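The values are calculated or read from the model by the stated rules, or taken from the named source; none is laboratory data. Because the structure is a prediction, the values reported are computed rather than measured. All Cβ positions, even for glycine, are placed from backbone atoms using ideal geometry, and neighbour counts span all protein chains on display.
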Amino acid sequence: MWDRRTRARAREETRMGKHVVLVEDETNIAEAIRFLLSRDGWRVETLANGGNAAQVIRAARPDLVILDVMLPGKTGFEILAELRCEDSLAELPILMLTARGQSRDRERALAAGVSRFMTKPFSNDEMVTAVRELTSGTVS
Amino acid sequence: MPHDTVTGSRIRERRVMQGIKQADLARKIGISASYLNLIEHNRRRIGGKLLLDIAATLEVEPQALTEGAEAALLAVLDEAAQAANLSADDTDQAEAFAGRFPGWAQALVASQRRAAALERTVEKLSDRMAHDPHLADAMHELLTTAAAVRSTAEILADDATLEREWQDRFHANLDVDSHRLAQSAQSLVGYLEQMKGAPGGVKSPQHEVEQYLAQHDFHFPRLEASGGAAEVDAVLTQDAAALSEAARFILRAVLMQVSEDARALGLPRLEESVAAIGVDPVALAARLHVPVAIVLRRLAALRDVGAGLVVCDRSGTVIFRKSIDGFSVPQFDSCCPLWPLFGALAAAGTVLHERVGQLGRGQVQFDAYATTELGQAPGYNTPALARGMMLLVPAPPGDVSRAVAAVGATCRICPQTHCPARREPSILKS
């Protein structure tokens, strides 16, 4: 009885809090971003593999997705396309990270419907600012 | 005739080299000095006994004065003239030049040969730069590690109140990443060092043609409308005059094909059918009553399909390419034999359809359609020309309905570890 109530409350909190799914296979980058965003009040869920990322995101319905381009399993572009082809996820803010400064990547990402594009190495301020701006209308 | 213009110069050259005066030579062979002067300045034709006498007096083979020895030299001078875009008038003076200034001609020939060899090396290297997955990976590694270092260091620097365990954690991460950064920077530098001195910007005729076609979006309304050899030649002279002669030769064949294809299958007709049944080459060919090979080429010309095309001859040499991002067709190395293009050559008449992706990070997938086109039989008991053709249509993003065959670009830069078709070891360290 008590247990069920606690779980229900946890679910409630989850729904209330700001939730970001971070798909990044570089553990140390993921750790730094997780720390930064946690401090900013985010609940950060990290995925290191692209293979099932779209599935997890579809189920989790986060407020924001941060997506690396080069991932094992599946590329960020493929995940992006999978997410955008679903109507209910059309508005989901997606921030994409790449370690190749190639304009080709940027164009491709924009064409595929990315919300914002950021090249590594980025500064922590840039990251936090981008996340705040991307979600300014949707989360408090 | 050209030989006559140079023999005199050679006689003069030989005479001067041996320090014999014009008048002395003239006297020995029994002609006037002024006549010899005319001969030496290529104003009089010379042959027969007089030539033999002069050769004997100068102690050279008569042929050395008239022909042969410099045929190869003249061929290279011709190349040099073409490379420098000399006018036809200037080009025609190659013989006179070689006759009058043999030393300089030799020097020019030597540097022309060297330039040709260097050009090839440079082309190979810039090809490698552009399509080198190792370089791309090394850059990726470097930037990724730099990103981790930067974020971690900023957290440590900015937050004085950071709890002890987080501090320790991030310090440890920083330590690992900085080692990794140093290593990847070193390996990148080592790699770049190997390819030092490789400037870009050199083009092969094939490359020139592809660039020209890309500028025109692989689309020639003039040829679509009427076509024919006259129209093709008009395009070549009016529009492609800036290309090298070799490039124009290649381009002519391509444009002839375009105009032939346009007659067999107009683009609007194809567009209509694509709208009705999609990009399905075999179904389109059946519906439109044209060979599949033509459908493949025409689909490549449709902008909305956004497909790439690779054509090879029976030897497997790539003779046409419409490049597409994500599928590298090596310019100088031999291609990966696993491509459906070559499978189709080996199974003439069959149309292959395979989902392919080139190995490496950030793999892009394509639906490859390949077939072989047999040309007109040139006669009895003579094999017809055959061309392999492969259309590369970008696979729908996220589509996993077909298994993907992993192929490479060329062995030397292919990361595949166990490949039965490998011809040479990869230069990539795994």
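Exactly one of these conditions fails for B:R387: (1) touching a helix residue (DSSP H, G or I) at 6+ places or on another chain (Cβ under 6 Å); (2) assigned to a strand (DSSP E or B). Give me its number. It is condition (1) that B:R387 fails.
Pick out the one residue from B:T372, B:T410 that is in contact (Cβ under 8 Å) with a residue 40 or more places away in the chain and under 30 Å from A:I79 (Cα atoms). Lay out the reasoning, then the answer.
On the way: B:T372 fails: under 30 Å from A:I79 (Cα atoms).
Testing whether each residue is in contact (Cβ under 8 Å) with a residue 40 or more places away in the chain and under 30 Å from A:I79 (Cα atoms) leaves just B:T410.
Every condition in (1) touching a residue at least 40 places away in the same chain (Cβ under 8 Å); (2) in a loop (DSSP other than H, G, I, E, B); (3) under 14 Å from the mean Cα position of the chain (by Cα); (4) within 13 Å of another protein chain (Cβ to nearest Cβ) is met by A:P72 except one, and the failing one is (3). The set of residues in region B:53-68 being in a helix (DSSP H, G or I) and either surrounded by 13 or more Cβ atoms within 10 Å (Cβ to Cβ) or at pLDDT 80 or above (or both) consists of B:D53, B:I54, B:A55, B:A56, B:T57, B:L58, B:P62, B:A64, B:L65, B:T66. The number of residues in region B:299-333 that are buried (at least 21 other Cβ atoms within 10 Å of the Cβ) and of a type in the set (F, W, Y) comes to 2.
Across region B:366-375, the qualifying residues are those that are outside any loop (DSSP other than H, G, I, E, B) and either under 25 Å from the mean Cα position of the chain (by Cα) or among the hydroxyl-bearing types (S, T, Y) (or both), and the one among them that is farthest from B:W339 (Cα to Cα) is B:L374.
Among the residues of region A:51-69, those that are more than 10 Å from every other protein chain (Cβ to nearest Cβ) and not in a loop (DSSP other than H, G, I, E, B) comprise A:A53, A:Q55, A:V56, A:I57, A:R58, A:A59, A:A60, A:L64, A:V65, A:I66, A:L67. Note on region A:103-135: residues that are under 17 Å from B:P394 (Cβ atoms), away from every other protein chain (no Cβ under 11 Å) and in contact with a Leu (Cβ under 8 Å, 6 or more places away or on another chain) total 1.
How many of the residues in region A:80-120 are hydroxyl-bearing (S, T, Y) and touching a Gly at 6+ places or on another chain (Cβ under 6 Å)? Explain how you work it out, then say what you get.
Going through region A:80-120, the residues hydroxyl-bearing (S, T, Y) turn out to be A:88, A:98, A:103, A:115, A:119.
Retained after the next criterion (residues that are touching a Gly at 6+ places or on another chain (Cβ under 6 Å)): A:119.
Count: 1.
Can you name every residue in region A:32-49 that is surrounded by fewer than 22 Cβ atoms within 10 Å (Cβ to Cβ) and either farther than 18 Å from A:A130 by Cβ or under 14 Å from the mean Cα position of the chain (by Cα) (or both)? Please lay out each step first, then the result.
Looking only at region A:32-49, we keep the residues that are surrounded by fewer than 22 Cβ atoms within 10 Å (Cβ to Cβ), and these are A:34-41, A:43-46, A:48-49.
Hits for region A:32-49 are A:R34, A:L36, A:L37, A:S38, A:R43, A:V44, A:E45, A:T46, A:A48, A:N49.
For region B:386-403, filtering for residues that are more than 14 Å from every other protein chain (Cβ to nearest Cβ), within 18 Å of A:E78 (Cβ to Cβ) and at pLDDT 90 or above leaves 2.
Within region A:111-136, the set of residues being of a type in the set (S, T, Y), under 20 Å from A:S38 (Cα atoms) and in contact with a strand residue (DSSP E or B) (Cβ under 9 Å, 6 or more places away or on another chain) comprises A:T135 only. Count of region A:23-38 residues, restricted to those that are under 16 Å from A:D125 (Cα atoms) and more than 10 Å from every other protein chain (Cβ to nearest Cβ), is 3.
Taking the conditions exactly as written (under 24 Å from B:L255 (Cβ atoms) and not hydrophobic (A, V, I, L, M, F, W, C)), does B:S315 satisfy them or not? So B:S315 passes the test.
Every residue, every condition in (1) exposed (fewer than 10 other Cβ atoms within 10 Å of the Cβ); (2) at pLDDT below 90; (3) closer than 18 Å to A:V56 by Cβ, yes or no:
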{"residue": "A:M1", "(1), (2), (3)": "yes, yes, no"}
{"residue": "A:R7", "(1), (2), (3)": "no, yes, no"}
{"residue": "A:R11", "(1), (2), (3)": "no, yes, yes"}
{"residue": "A:L22", "(1), (2), (3)": "no, no, yes"}
{"residue": "A:A30", "(1), (2), (3)": "no, no, yes"}
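Of the candidates B:A182, B:A146, the single residue that is more than 7 Å from chain A (Cβ to nearest Cβ) and of a type in the set (G, A, S) is B:A182. Screening region B:376-430 for residues that are of a type in the set (S, T, Y) and within 27 Å of the chain's Cα centre (by Cα) and picking the one that is surrounded by the fewest Cβ atoms within 10 Å (Cβ to Cβ) gives B:S426.
Taken over region A:81-102, residues that are small (G, A, S), within 12 Å of chain B (Cβ to nearest Cβ) and either over 26 Å from B:A148 (Cβ atoms) or surrounded by fewer than 15 Cβ atoms within 10 Å (Cβ to Cβ) (or both) amount to 2. The residues in region B:266-298 that are surrounded by fewer than 20 Cβ atoms within 10 Å (Cβ to Cβ) and touching a residue at least 12 places away in the same chain (Cβ under 8 Å) can be counted, and the count is 12. Is it the case that region B:404-420 has a residue that's within 14 Å of chain A (Cβ to nearest Cβ) and over 20 Å from B:S334 (Cα atoms)? Within region B:404-420, one or more residues are within 14 Å of chain A (Cβ to nearest Cβ) and over 20 Å from B:S334 (Cα atoms).
What do you reckon, is A:E78 away from chain B (no Cβ under 14 Å), in a helix (DSSP H, G or I) and free of Cβ contacts under 8 Å to residues at least 60 places away in the same chain? So A:E78 does not fit the description; no.
Yes/no matrix, rows are residues, columns are (1) modelled with pLDDT under 80; (2) away from chain A (no Cβ under 14 Å); (3) within 23 Å of the chain's Cα centre (by Cα):
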site	(1), (2), (3)
B:E70	yes, yes, no
B:L73	yes, yes, no
B:S87	no, yes, no
B:D90	no, yes, no
B:E95	yes, yes, no
B:A107	no, yes, no
B:E119	yes, yes, yes
B:L125	yes, yes, yes
B:M139	yes, no, no
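There is no residue in region B:322-334 that is more than 30 Å from B:A88 (Cα to Cα), in contact with a His (Cβ under 9 Å, 6 or more places away or on another chain) and without any contact (Cβ under 8 Å) to a residue 60 or more places away in the chain.
The selection criterion, being part of a helix (DSSP H, G or I), among the charged types (D, E, K, R) and touching a helix residue (DSSP H, G or I) at 6+ places or on another chain (Cβ under 6 Å), does not hold for B:R150.
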